[in-house]
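Colleague: Have a look at the structure that comes next, please.
The values are calculated or read from the model by the stated rules, or taken from the named source; none is laboratory data. What you see is a predicted model; the values in this text were computed from it and never measured. A quick note on method: Cβ atoms are made from the backbone with ideal geometry, for glycine too, and the neighbour counts reach across all protein chains shown.
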Amino acid sequence: MNSMEVLFYTNELREEWDNFIENSKNGTFMLKRAYMEYHSDRFTDFSLMFYKERKLVAVMPASLHEQQVRSHGGLTYGGIVSNTSIKTKLMLEVFEALIGFLKEHGITSLLYKRVPSIYYLYPSDEDLYALFRNNAVLVRRDIATAVDFLAGQIRLPKGRRAQISRAKREGVIVQKSEEFEDFINLENEVLSLYHNAKAVHSAKELKNLYADFSEEIQLFVSNLKNRMIAGVLVFVTQNTVHAQYMAADEIARRTGGLDLLIVHLLEKYSKTKRYFDFGISTEKNGTYLNEGLIAQKEGFGGRGVVYDTYEIKL
């Protein structure tokens with residue numbers, strides 16, 4: 001008999017939740033409550049906490065979407081977060097308790113977005129085995145591009161090196177910034193022009209998140225004659241740096257302002273991190289590959305990492 005207890009997350013459990021994420025083997029600051037709740041007005045929270053003999057052994061950030069639970073609808077990834085004490089047998093118990101709990105609450109399916117492997121601090125594929133055991137189906141696979149700093153530096157293509165040299169000659173200056181509003185305006189201009197889209201975060205939301213996560217959320221920009229021409233907003237985790245947004249105007253494209261900025265970031269974080277994640281280059285639920293976008297990222301030495309989403313029908 002499974003003695004696992006499943007509880008809904010409540011504000012009274014906030015400290016316990018955040019401490020667990022902080023000491024987990026596959027969680028990041030994006031799964032802490034201050035980050036998750038910046039868009040709480042857009043989602044109905046369904047986050048769960050799993051206790052074995054009154055000890056917290058796992059958590060799952062989640063949201064409710066009619067009769068489907070997603071882990072989490074507003075996050076890039078979620079899934080079961082655990083620490084190094086969890087073993088495969090216990091993970092199977094967690095999933096057994098999870099599925100029973102969801103059925104009791106009238107849920108008909110679970111959409112499960114796994115934490116990508118480059119964010120692990122320790123091997124964390126127990127959930128992948130549990131998904132297999134519970135007949136989960138892969139319903140979406142996105143391809144991201146990541147640089148592995150331990151693999152050694154990959155020589156940049158000649159054209160890219162030329163662009164970086166040009167940026168230096170033109171006087172492009174790379175620096176850390178807190179001008180989130182100017183950056184989001186630039187990002188939205190680029191997204192609107194090339195993708196008919198806009199940034200998920202507003203400038204106000206980024207400022208509020210930065211107030212809570214000033215070490216983890218960092219903005220770097222390229223300036224030319226005191227004008228922002230390119231920017232990269234990075235999310236810094238224990239093992240990996242993720243480029244959440246990258247934007248460059250026509251001046252930056254012509255002068256190599258973004259290339260110089262990216263190389264600066266790769267050199268900076270290669271000293272303290274394992275990976276630099278450029279993010280996904282897929283659209284339409286992973287079925288369309290933006291070949292130009294992924295070629296740009298691969299030109300900096302990045303190679304493929306998948307972001308997977310599974311579904312369990314209940």
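Colleague: Hydrophobic (A, V, I, L, M, F, W, C), over 25 Å from K158 (Cβ atoms) and crowded, with 18+ Cβ neighbours inside 10 Å: is that true of V234 in this structure?
Modeller: Spelling it out, V234 is indeed hydrophobic (A, V, I, L, M, F, W, C), over 25 Å from K158 (Cβ atoms) and crowded, with 18+ Cβ neighbours inside 10 Å.
Colleague: How many of the residues making up the range 58-82 are surrounded by fewer than 21 Cβ atoms within 10 Å (Cβ to Cβ) and under 17 Å from V6 (Cα atoms)?
Modeller: Of the residues in the range 58-82, 1 are surrounded by fewer than 21 Cβ atoms within 10 Å (Cβ to Cβ) and under 17 Å from V6 (Cα atoms).
Colleague: May I pose another question? Could we say that K198 is charged (D, E, K, R), at pLDDT below 95, out of contact with any Pro (no Cβ under 8 Å at 6 or more places or on another chain) and surrounded by 13 or more Cβ atoms within 10 Å (Cβ to Cβ) here?
Modeller: Details: charged (D, E, K, R): yes; at pLDDT below 95: yes; out of contact with any Pro (no Cβ under 8 Å at 6 or more places or on another chain): yes; surrounded by 13 or more Cβ atoms within 10 Å (Cβ to Cβ): yes.
The answer is yes for K198.
Colleague: Sticking with this structure for a sec: Sort out for me the helices (runs of 4 or more DSSP H) sitting completely within the range 129-240 that have 2 or more residues that are closer than 30 Å to K25 by Cα, in contact (Cβ under 8 Å) with a residue 12 or more places away in the chain and assigned by TED's automatic domain parsing to the domain that holds K284. Quick ask: steps written out before the conclusion?
Modeller: Numbers: elements: 158-170, 180-195, 203-212.
Filter on the range 129-240 gives 203-212.
Colleague: If the requirement is being modelled with pLDDT of 95 or more, farther than 30 Å from R133 by Cα and of a type in the set (A, V, I, L, M, F, W, C), which of these qualifies: L258, L314?
Modeller: Numbers: L314 fails: farther than 30 Å from R133 by Cα.
Within the list L258, L314, the selection yields L258.
Colleague: Now, a different point. What is the one condition in (1) surrounded by fewer than 21 Cβ atoms within 10 Å (Cβ to Cβ); (2) within 26 Å of I164 (Cα to Cα); (3) more than 17 Å from the chain's Cα centre (by Cα) that S222 does not satisfy?
Modeller: Against the list (1) surrounded by fewer than 21 Cβ atoms within 10 Å (Cβ to Cβ); (2) within 26 Å of I164 (Cα to Cα); (3) more than 17 Å from the chain's Cα centre (by Cα), S222 comes up short only on (1).
Colleague: Among (1) of a type in the set (V, I, T); (2) at pLDDT below 95; (3) over 23 Å from the mean Cα position of the chain (by Cα), there is one condition V94 misses while meeting the rest; what is its number?
Modeller: Going through (1) of a type in the set (V, I, T); (2) at pLDDT below 95; (3) over 23 Å from the mean Cα position of the chain (by Cα) one by one, V94 breaks only (2).
Colleague: While we're on this one: State whether the residues of the range 257-269 include one that is of a type in the set (F, W, Y) and either in contact with a helix residue (DSSP H, G or I) (Cβ under 9 Å, 6 or more places away or on another chain) or in a helix (DSSP H, G or I) (or both).
Modeller: Checked against the condition, which is being of a type in the set (F, W, Y) and either in contact with a helix residue (DSSP H, G or I) (Cβ under 9 Å, 6 or more places away or on another chain) or in a helix (DSSP H, G or I) (or both), the range 257-269 yields at least one hit.
Colleague: Sticking with this one: Output the residues belonging to the range 155-172 that are surrounded by 15 or more Cβ atoms within 10 Å (Cβ to Cβ) and not charged (D, E, K, R).
Modeller: The initial filter retains those residues of the range 155-172 that are surrounded by 15 or more Cβ atoms within 10 Å (Cβ to Cβ), namely 156, 160, 163-164, 166-167, 170, 172.
Of everything in the range 155-172, those that are surrounded by 15 or more Cβ atoms within 10 Å (Cβ to Cβ) and not charged (D, E, K, R) turn out to be L156, Q163, I164, A167, V172.
Colleague: Collect the residues in the range 241-251 that are outside any loop (DSSP other than H, G, I, E, B) and either in contact with a Lys or Arg (Cβ under 9 Å, 6 or more places away or on another chain) or within 20 Å of L206 (Cβ to Cβ) (or both), keeping them in residue-number order. Talk me through it step by step, then tell me what you get.
Modeller: Step one: of the range 241-251, the residues outside any loop (DSSP other than H, G, I, E, B) are 241-248, 250-251.
Of everything in the range 241-251, those that are outside any loop (DSSP other than H, G, I, E, B) and either in contact with a Lys or Arg (Cβ under 9 Å, 6 or more places away or on another chain) or within 20 Å of L206 (Cβ to Cβ) (or both) turn out to be V241, H242, A243, Q244, Y245, M246, A247, A248, I251.
Colleague: Select the helices (runs of 4 or more DSSP H) contained entirely in the range 3-109, then report the ones holding at least 3 residues which are acidic (D, E) and under 28 Å from V241 (Cα atoms). Steps first, please.
Modeller: Values: elements: 14-22, 33-36, 88-104.
Passing ranges, in order: 14-22.
Colleague: Farther than 14 Å from Y310 by Cβ, touching a His at 6+ places or on another chain (Cβ under 6 Å) and assigned by TED's automatic domain parsing to the domain that holds L121, is that true of S63?
Modeller: On the way: farther than 14 Å from Y310 by Cβ: yes; touching a His at 6+ places or on another chain (Cβ under 6 Å): yes; assigned by TED's automatic domain parsing to the domain that holds L121: yes.
Yes.
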